[in-house]
Every structure is written in C-alpha cells, then in structure tokens.
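The values are calculated or read from the model by the stated rules, or taken from the named source; none is laboratory data. Fair warning: this is a prediction, and the values are worked out from it, not measured in the lab. Quick reminder, even Gly has a Cβ in these numbers, built from the backbone with ideal geometry, and neighbours come from all protein chains shown. Heads up: the accessible areas ignore ligands, DNA and RNA and are worked out on the full protein's heavy atoms, side chains in. Shrake-Rupley method; radii C 1.70, N 1.55, O 1.52, S 1.80 Å.
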Amino acid sequence: PASPESLPGGVALNFLAWARIASRVPAAAGPGTTTTTTTRRAPATATLLAIQGADKPGEFLREAMRRLGVSTAATLVRGDAHTAVSHVLRCGATGERSIVMHRGATATICAPDIERTPAWVDAIAAADVVATEISQLRLVAVAAVLAAGQARKKLTALDFDVPWAVAVAPGRPESLGDSDAEMLECIRAAH
C-alpha cells in the first residue's frame, strides 16, 4: 500500500533551489511557483512570483523560501486562496512513487495578471533571466510570463514538467491548454 505525504508548494522549492545552486546568481521565480528570473545584483536573491494562501502550507513554503534566500516580495498572499500542495504516494514494496498535485491559487493566474500585478512587473523588470515551466499555470499565462521577459530584453527559458499530451488535453481537468497552438506559443516565447 502507498503511504501519502503532502508537500506544500509543489515543485517550487525544488525549482528555486535548483536555479540558485546551478547558477550561483540571484533568481526570481514567476507566477504560480513556476517562473524564475535571475539578476546579477549583489547580494544574490531569488524572487518567487506567485499566489499563495494564508494557510499552513503557504506559511511553511514562505518560511522555507526565506531559508533558501528566496524573496517573497512578489509572492501574493491571499486569505481566500489555497497554496499548491503535492501529494506523494510511495509503494513500500517497490519504492515507486506517484505525485498528485493540487495547483491551488496558481491555477487562477490569468495572462493579463502578469502585466497588471505591480510586484510581478517589477520582479521581471529587475531580472536578467525569466524562466517558467509547463506545470501549474495555464499555457496562455506561461506564454505571457515569457513574453513579458522578452519585451524587457531578458533571457527566457522554459522547462517541461508535464508531457505535452497532459498539458494540452482539452476537456480534461488537468489540461493547461486548449490547443497545440498555445503550447507552440510558449515555446516561441521562450526563444
């Protein structure tokens, strides 16, 4: 039998820690615990652009981010929101694991939010690199994050955390987009 384990923030801590360690430069992460922007300013900082709940998982995640040196200046905390949580199921006999994610408030971020949320605009403007992943945001919001970076002459990067067939699955609740064209726009915006 599998034993469940809940992890606040989904892949946020992993993604941000990886960006910080790999680059040894500051990182700022974007909407929904998925986007990272890096700056060359000292001291090195990382900033998460996200919406999180004023709940225990959100508190845990923000404290962990502070311990990692990740700024929460662009992390919007809302009392009516729920923080993303991953549920990890492990099979004791085989050691295999499955991860089921609840995207929480991340799923509510819309493409226009990227340019109309002052803290996010400021973080992207201060960054050298803007990176996001196909994981939690709707594809149109992913493309908007990357386009915001491109418009400001930033280096952009895109990571695929879920397969194309999962990300573009019209009519299914886990779908992040409605068409292959939306996925292609994310890829174009990452160049």
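May I ask you to list the residues in region 45-93 that are basic (K, R) and open to solvent by 30 Å² or more (accessible area, probe 1.4 Å)?
If the condition is that a residue be basic (K, R) and open to solvent by 30 Å² or more (accessible area, probe 1.4 Å), then K56, R66, R67, R78, R90 are the ones that fit.
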inquiry  = Take residues that are in contact with a His (Cβ under 9 Å, 6 or more places away or on another chain), modelled with pLDDT under 85 and among the hydroxyl-bearing types (S, T, Y) and tell me which of the strands (runs of 3 or more DSSP E) falling wholly in region 6-86 contain 3 or more.
reply    = none
